[in-house]
Structure formats: structure tokens, C-alpha cells
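J.: Just passing along the structure, written as C-alpha cells.
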Amino acid sequence: MQILSISLKNIKSHRDRELHFVGGINVLSGVNGVGKSTIFEAIGYALFGVDARDFVGNIERFITIGAKKGEIVVTFAPGDGDTYRVFRTVGAGSKWLLAREIGGAFEVEDHAGAQETEARIKELLGLDGGRPLADQFKLVIGPFQNEFLGPFVLKQPAKRQEAFDEILGIDAWRKTYKGTSTLLKAVKARIDLLNVEIEGKQEQVVTLPERQQELTGVVAEVEARQKLVADKEKGLAATEVLLAQLDGREKMTQAVKGDIQVLENRVRDGEGKIVDNRKRVKEAEQALGILEKSRAGKEAFAAAEVQLKTLREQEKQRRTIEQEIAVLDKESARLAQAYAHERQEVEKTAQEQTAEELRLTADQKGLVAGEDVTMAAARLPALRAEAEKLRLAKGLLEGRRAALQEGQGKVAEGVCPFFKEPCQNIAGKAPRDVFSARVDELDKEGLVLEQRLTGLDQDIAAAEKARQEMETLTVRGQELAKQLSALVKRRDDNTRRQGALEGIKKQQEEAEKKGGTRKEELKKYTNLDGRITAIEKLRTAHQGARDAFFANQKDALDLQTRRDSLARMIALLAELRQNLAAKGQELGTLARDYDPKRHVEVRLGKEQLLGELATSREKIADLGRDRLRLGEEIKKMKQLKEEIKACVAARKGFADKEELVKFLRSQIFNNVSAQLSERFREEISLRADIIYRNIAETDEELYWGDKYQIVLRDMENGELRERSDDQLSGGQTMSAVVALRLALLQTIGARVAFFDEPTSNLDAARRANLAHAFRAIDVGREEVTEHWYDQLFLISHDVAFTEVTDQIITLE
């Protein structure tokens, strides 16, 4: 099995990084904080399904700052000739996919979920035991840097044993032993419960014979009472036939009497209704007379209503015109006031602008320079040129004077001033003074030049002052020109403002004209209020007639209906009186065929029979309930007897199970875990001891003792010495843990392993030995151990690994 490459995008410090690995030993190197451990974490996350929260407290810290999602891709070859690639994202909606290379492209396998993906990867890696891939990585294959010593250095033996039993997969036996303790207690409790249940049910079935005897007596009594009830039912049937005949006659008599009573009531009601209806007819006739008298007043009221409505509309129009006039008058006054104010402002601004123009013109005229200033400024270039010539001449004079003084000194020394050698012409003679007169002449000429330069400097200063005055006047003139130009623009603005006055004046005149027009329209509503008052008085005068008309209109219109109703009622009353006489004759005929006393006697006889039957039936029902109750009780007791048999059988079954669990706990579960642990420790100790001796280069024997305690054995003064825990140095502990981890990886069959800084706490010699031990395992040197891994990943800054590694990857 070999991991070929890994690609990280937005994982911690890795924005976009791809690394390729080789078989054998791969060493990751780089400064602290560059993300070496992150590479191991990424492989654990993508290939082994480790939860990102196992690396960081918050999953967002596993993603690069500023990114919302990260991605890890690991390509690996499991050794079956195929190449696979696993993808896993970090963040919201995380996905875990496995793809197989087919024809140069990777095709994603169809898995139902993460569990199926993990099972497939476990199969490919050869780690398809019962433990999850993530646990195998965290515990053995790639423990985190801060957990490398992990359970090896736990002080509590019990916790250390639990940790390594879990790593070796033998904790199930110990857990089963502890778990069966609860099972044994449950079995004992079940047996106790069955004993209590059996005793309770046996107490309930003691009265079974008594209940069976009582049931036989109840059955005999029920049969006797049922015979008595049959005799009484025959007598009741004959009585019911006779009573039915008497009831029919009584019912007919009562029906006729009821009909007579109804007819008498209807006759009385009809007579009352006729009286009321005649009264309503008279009221309708009176209402008709009032209707005719008030019709003219009602029509006059309606006409006044129409006129008043028209006048109200005119009043509304007048109110609208008045409002418009008020608005127009207000607008006209506002425009007049605005016109006057604007005109005053325009005139004031014009006056101010005229005054400003006069002031600026006067200032311009005062800017003319004097003739002497102009001439002085004009002479400045000539004066400067003449002064430059005089300075040049003065410089030449000073040079000539210096040359004469140097020649005078050379001649005094007898040296030719030109050839710089002794002069033969004046050798042995006193030198003549040919230089003093010439120097005096040059001094006089220089004095004259100095006086002329002094005068020129004074003239130049005066000319420069005149030029500055001229420049000041020029700048002031430019400023005045700008102010005059701005004044022209402001005057144009004021002129346009003055032109706008005519528009305001025109608007004011238009508003005033519209107001006059609306006032003329208002004159036609002069008498409107008087007309409204007159019409309202007229309407009030006819209000009573109108109210009387509508108050009596309904009754007057209902007159004919009331007359027709009265006629129908009189005819119906006559018919009711005829029916009442016929019913009286029918009642006399029925009274001769019906005897009320005989009817009462027959009814009492029936009620007596019914009472006796009801009592007998109630008694039979009570006996029946007793019979059912006794039957149920007997049935339950028989059922309880069967349940007692079942409980006894179940108690025997649980007793057998109790014995079986006790046997399994004492003979199997309690011993298998210890025996497996001892075998694993012996096998791992043998392998780890060889590796440890190569790392430490010592005769000490590494032994993985009871409760997985690290023990070093050696001979001191001819006696066996054992050291463990705090008696070991940090280097000894680290060397032992590395050796045990390598042996443990070989034992569980891992083909790839990860070591993060395995050389910490080791001296230089041990680090070098550890590196060579890794290489010895890689090549399968017999004195160390056989070759068992395909690929080993290390994070280390140690140069010892550069000599034995197959590839060093330096992260920048």
C-alpha cells in the first residue's frame, strides 16, 4: 500500500499545495508553523475519516482564514494494481467520496453514505477489522504529536490497561465480563420475581373447589326461575290483548275529545280574529281619508325639497368661487409685494455697481508710474552689463598685480620668472626694481574701477527698486481688471434680474384680472341666502302633511286586503261550527262502547304481571352474572394453575442460565482477556526489544510488563535490575515508546505509519540510531526485524534522517 500524493486547498496555512510521496521513508521538514503536522492531519481526515474536531476545537479553524470551505484529495495505491483517489471537503455540506482510476480518469464509486465509504477504504487498506478507521489512525497508525507517548506513560495501571486493550482489540472480553455481571444480577432478580409470582398465584387457586360447587347451585336455581317466568309470560300475553282493545277504544274517545277541544278553541280564536280584522278594516278606511287630505301638502313638500337641493348646489358653487377669489387676492398681493421688493433691490444693486465701477476706474488711473521710475527700470539691463564688464576688468588687474608680485619675488631670489631657473643676466648683480611702479599703476587703476563699481551698484539698486514698483503696479492693474470683469458679469446678472421684474408684474396683473372676473361671477348669487331661507320655511310648513301622508299610506293601501281576509274568516268560522256539531255526535256513540273502570282494572293487572316478571328476570340476570362471575373466576384459576406450571418451568430455565453465566464469567471471560493480553505483550515485547537495543545501543532488555508497563531489565553487580515509570529518563522512555509503537504497528498489520517529531527527548546518538533502525526495518535487516511497512512518514528537523530517507520534502 502506498500514498502517492496529497492536494490541499484552504486547509489551515495551505492555500493551494500538492505533495508527491515515494515508497519507503518520507521526511517532512521545515520551520515551525509552516504546516507539517497539518499534512498528517489532512491524510488522517481524508483517508482515515478522522473528525476535524479531533485536530482543532472548532471545525472552522481547520479551514484557511477567510475561506468558507476546504478540500483534501489523497491519491493512493492499495497494492492490487489499481489507483484510487479519495476526496473530502471541510465546511458546510461536507462530502467524502472514493474514486477508482479507469482508463486514465477517476470514476467515483457509488456509496450509500459515509459508513459504506469507510468500509470500502478499510477493505482497500487491509484494515477491515471491527475498529473504525479513525480510531486505528489516532491510536496506532498516526497518533497526534502531543499524544505520541499517550497511554504508555499513564500512571494509573487500570486506565493504561483499558487503553491498550482497546488498541489491541481485546477489550471486548473484559467488557463482556463486566457486562455479564449486570446480566447475572438480572437473572437472579428474575428468579426471585418468579418465586414471588408462583407463591402469589398458588394462594389465588386455593378456593377453586368451593367456586365450582357454588356454580352448580346457581345453575339449578336459574332453571327453576326460568320455568316460572314462562308461565307468567303466557298470562301477560292474554292481558295485553284485552288491554290493547281497551286502549284502542280509549284512544279513539280521547282523539274525538281532542278534536272537539281543538274545534272549540279555533271557533273562539276565529271570533276574536274577526273582531280584530273588522277593527283593522275600519283603521284602513280612516287612513285612506287622511291620505287624500294630505296629498297636496306632501307634493308641495317634495317640490320644495327639489328646489332646496338646487339652491344648495348653487351655494356650494358660490363657496368655491369665494375661495378662488381669496386665493387670487392673496397671490396678487404677494406678487405686488415681491415686485416692489425686487425692484428696490435691483435699483440698489445698480447704484452700488456704478459706485464700484467709478472706484475701480479711479484706482486704474492712479496706477501710472512716474517717468523717472520708468526710465530707471529701463536702464537696469545696461547697468548690470556695464557692472559685469568692470568686474571682469578688475579681475584682470588683480591677476596682473599678483603676477608682478610673484615675478618681483623670483627676481629677488635670482630666478628667472619665466623659465623658473637661475638667471644668468643678473647673476652677481644687484636686481633692479622694475615691478613696484607697475604695481602702483595697477593699484590706481583698480581704485578707479572700484569707485565706478560702487556707483554702478547704487544705480542698479535704484533701478531694481524701480522695477519692483513697476511689477507691483502691473499686478495691481491685473487685479483691478479682474474686479472690473467680475463687475460686468454682476451687472449683466442685475440687468437680467431687472428684466424678470416685468414677468412678476405681468403675473400680478393676471392674478388681479382673474380675481375681478371671479368677483363678477359672484354677483349672480347675491339673493341666494334669502331664497334658501324662503324655501326652507315653505318645506317646514308642509312637513306635517308629508309626515301624515307617509304614516297612513301603508294602512290605506292595505284596505282591500283586509276586507278580503275578513270575508274568508267569516266563512271559515261557519265551517268550524258545523264540524264541532258532528264531533259531538261521534263522541256520544263511542261513550256507549267503552268502560273506563274495566280499563283501569286490566291495566293494573298487567302492571302487576310486569312487576313480577321484572323481578324474576332481574333475579335470573343476577344469577346469570353470578354464573358468569364464577365461570370467569374458575377459568382464571385454571389459567393460573397453567401459569404456575409455566413459571416453575421458567424458574428452572433461569436457574440453568444462572449456572451457565457463572461458569462463563469464572472460567472464560475473566481469563481470555488476560491471556490474550499476555500473548500480545510477549510478541510485541520480542520485536520492540530488538528495535530498542538498536536505538539505545545498550544491553538493556525492553519488556512490556503486566498492565502494559514499560520495563527495562539489565544486570547490576551480578543481580537482575528492573526499572519502570519515573525511574526511566526521558530519552529511555521515548526510545521505548518508539520501539513499542513500531512493533505494535507490525502486529496489527499496518502497511503505512506516521511519526510526528519521534526524536524529541533523544540525544544525538539515539536519534541517529533511530534513523538507522527505520532504514533497517525498511530493508528487512534480520538483526532488527523483517520488512513490514510500505511507507513511513516522519516530521523531523534532525539531519540524521537525511542519510536514510528516500525523500525529504521541505515545506516553505
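J.: Among the polar types (S, T, N, Q) and either open to solvent by 50 Å² or more (accessible area, probe 1.4 Å) or farther than 25 Å from R741 by Cβ (or both) - does that describe any residue in segment 84-93? Explain how you work it out, then say what you get.
T.: Within segment 84-93, the subset among the polar types (S, T, N, Q) is 89.
Right, trim to either open to solvent by 50 Å² or more (accessible area, probe 1.4 Å) or farther than 25 Å from R741 by Cβ (or both) and you get 89.
The answer is yes, given that some residue of segment 84-93 is among the polar types (S, T, N, Q) and either open to solvent by 50 Å² or more (accessible area, probe 1.4 Å) or farther than 25 Å from R741 by Cβ (or both).
J.: Might you check whether a residue that is open to solvent by 90 Å² or more (accessible area, probe 1.4 Å), at pLDDT 80 or above and assigned to a helix (DSSP H, G or I) occurs anywhere in segment 194-208?
T.: Yes, segment 194-208 contains at least one residue that is open to solvent by 90 Å² or more (accessible area, probe 1.4 Å), at pLDDT 80 or above and assigned to a helix (DSSP H, G or I).
J.: A further question follows. Do the conditions hold for Q727, that is, is it open to solvent by less than 60 Å² (accessible area, probe 1.4 Å), of a type in the set (S, T, N, Q) and under 20 Å from G150 (Cα atoms)? I'd like the intermediate steps shown before the answer.
T.: Numbers: open to solvent by less than 60 Å² (accessible area, probe 1.4 Å): no; of a type in the set (S, T, N, Q): yes; under 20 Å from G150 (Cα atoms): yes.
Taking the combined requirement at face value, the residue does not satisfy it.
Quick grid of which residues meet (1) of a type in the set (A, V, I, L, M, F, W, C); (2) at pLDDT below 85:
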position	(1), (2)
R319	no, no
E322	no, yes
V327	yes, no
A336	yes, no
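J.: Let me ask something additional. Picking from D725, D790, which residue would you name as being closer than 29 Å to A42 by Cα and either modelled with pLDDT under 80 or among the acidic types (D, E) (or both)?
T.: Details: D725 fails: closer than 29 Å to A42 by Cα.
Answer to the check: D790.
J.: I'd like to verify a number: residues in segment 133-166 that are of a type in the set (A, V, I, L, M), farther than 16 Å from A739 by Cα and crowded, with 20+ Cβ neighbours inside 10 Å, how many?
T.: In the first step, residues of segment 133-166 are kept if they are of a type in the set (A, V, I, L, M); the result is 133-134, 139-141, 149, 153-154, 158, 163.
Within this subset, residues satisfying the condition of being farther than 16 Å from A739 by Cα are 133-134, 154, 158, 163.
If we keep only those that are crowded, with 20+ Cβ neighbours inside 10 Å too, we end up with 133.
Going through segment 133-166 one residue at a time, the tally reaches 1.
J.: Quick check: is even one residue across segment 569-587 farther than 30 Å from A300 by Cα, touching a helix residue (DSSP H, G or I) at 6+ places or on another chain (Cβ under 6 Å), among the acidic types (D, E) and crowded, with 16+ Cβ neighbours inside 10 Å?
T.: Looking through segment 569-587, none of the residues is farther than 30 Å from A300 by Cα, touching a helix residue (DSSP H, G or I) at 6+ places or on another chain (Cβ under 6 Å), among the acidic types (D, E) and crowded, with 16+ Cβ neighbours inside 10 Å.
J.: Right, next: Working only within segment 544-562, note down all residues that are open to solvent by 40 Å² or more (accessible area, probe 1.4 Å) and either more than 16 Å from E285 (Cβ to Cβ) or in a loop (DSSP other than H, G, I, E, B) (or both).
T.: So the first thing to find is which residues in segment 544-562 are open to solvent by 40 Å² or more (accessible area, probe 1.4 Å), and the list is 544, 546-547, 550-551, 553-555, 557-558, 560-561.
Answer for segment 544-562, where residues must be open to solvent by 40 Å² or more (accessible area, probe 1.4 Å) and either more than 16 Å from E285 (Cβ to Cβ) or in a loop (DSSP other than H, G, I, E, B) (or both): G544, R546, D547, F550, D558.
J.: For the subset of segment 110-125 comprising residues that are open to solvent by 50 Å² or more (accessible area, probe 1.4 Å) and not basic (K, R), which member is farthest from E166 (Cα to Cα)? Spell out how you get there, then give the answer.
T.: Step one: of segment 110-125, the residues open to solvent by 50 Å² or more (accessible area, probe 1.4 Å) are 110, 112, 114-116, 119-120, 123.
After this cut, where a residue has to be not basic (K, R) as well, the list is 110, 112, 114-116, 119, 123.
On the way: D110: 32, A112: 29, A114: 23, Q115: 21, E116: 23, A119: 20, E123: 21 Å.
The residue in question is D110.
J.: Looking at (1) open to solvent by 30 Å² or more (accessible area, probe 1.4 Å); (2) in contact (Cβ under 8 Å) with a residue 24 or more places away in the chain, which is the one condition that is false for G81?
T.: Unmet for G81, out of (1) open to solvent by 30 Å² or more (accessible area, probe 1.4 Å); (2) in contact (Cβ under 8 Å) with a residue 24 or more places away in the chain: (2).
J.: Out of the residues in segment 672-696 that are in contact with a Lys or Arg (Cβ under 8 Å, 6 or more places away or on another chain) and of a type outside the set (S, T, N, Q), state the one that is nearest to V738 (Cα to Cα). Outline the logic, then answer.
T.: Within segment 672-696, the first condition is being in contact with a Lys or Arg (Cβ under 8 Å, 6 or more places away or on another chain), and the residues that meet it are 673, 695-696.
Pick out the ones that are also of a type outside the set (S, T, N, Q) and you get 695-696.
Working: I695: 9, A696: 11 Å.
Once the filter is applied, the top-ranked residue is I695.
J.: Select from segment 748-770 the residues that are among the charged types (D, E, K, R) and outside any helix (DSSP H, G or I) and write down the one among them that is modelled with the lowest pLDDT. Please lay out each step first, then the result.
T.: Residues of segment 748-770 that are among the charged types (D, E, K, R), as a first pass: 751, 756-757, 763, 766-767.
This time we only want the ones that are outside any helix (DSSP H, G or I), so: 751, 756-757, 763.
Working: R751: 83, D756: 83, E757: 80, D763: 72.
Here the answer is D763.
J.: Among the residues of segment 6-36, what is the count of those that are more than 15 Å from H797 (Cβ to Cβ) and not in a strand (DSSP E or B)?
T.: Matching residues across segment 6-36 total 5.
J.: Let me ask another. Suppose we filter I43, I3 for residues that are part of a strand (DSSP E or B) and in contact with a Phe, Trp or Tyr (Cβ under 9 Å, 6 or more places away or on another chain); which single one remains?
T.: Working: I43 fails: part of a strand (DSSP E or B).
Only one candidate qualifies: I3.
J.: Out of everything in segment 271-283 that is open to solvent by 20 Å² or more (accessible area, probe 1.4 Å) and touching a residue at least 24 places away in the same chain (Cβ under 8 Å), what residue ends up being nearest to G584 (Cα to Cα)?
T.: Taking segment 271-283 as the starting set, the residues that turn out to be open to solvent by 20 Å² or more (accessible area, probe 1.4 Å) are 271-273, 275-276, 278-280, 282-283.
Now narrow it down to the ones that are touching a residue at least 24 places away in the same chain (Cβ under 8 Å): 271, 273, 278, 280, 283.
Details: E271: 20, K273: 24, R278: 30, R280: 34, E283: 39 Å.
Across segment 271-283, the extreme among qualifying residues is E271.
J.: Now for a separate question. Can you tell me which residue is farthest from D555 (Cα to Cα) among those in segment 284-339 that are open to solvent by 80 Å² or more (accessible area, probe 1.4 Å) and polar (S, T, N, Q)?
T.: Only one residue fits best here, namely Q337.
The values are calculated or read from the model by the stated rules, or taken from the named source; none is laboratory data. Worth saying up front: this structure is predicted, and the values here are computed from it rather than measured. Cβ sites come from the backbone with ideal geometry, for glycine too, and all protein chains shown count toward neighbours. Remember, those area values only see protein heavy atoms, side chains included, never the ligands or the DNA or RNA. Shrake-Rupley method; radii C 1.70, N 1.55, O 1.52, S 1.80 Å.
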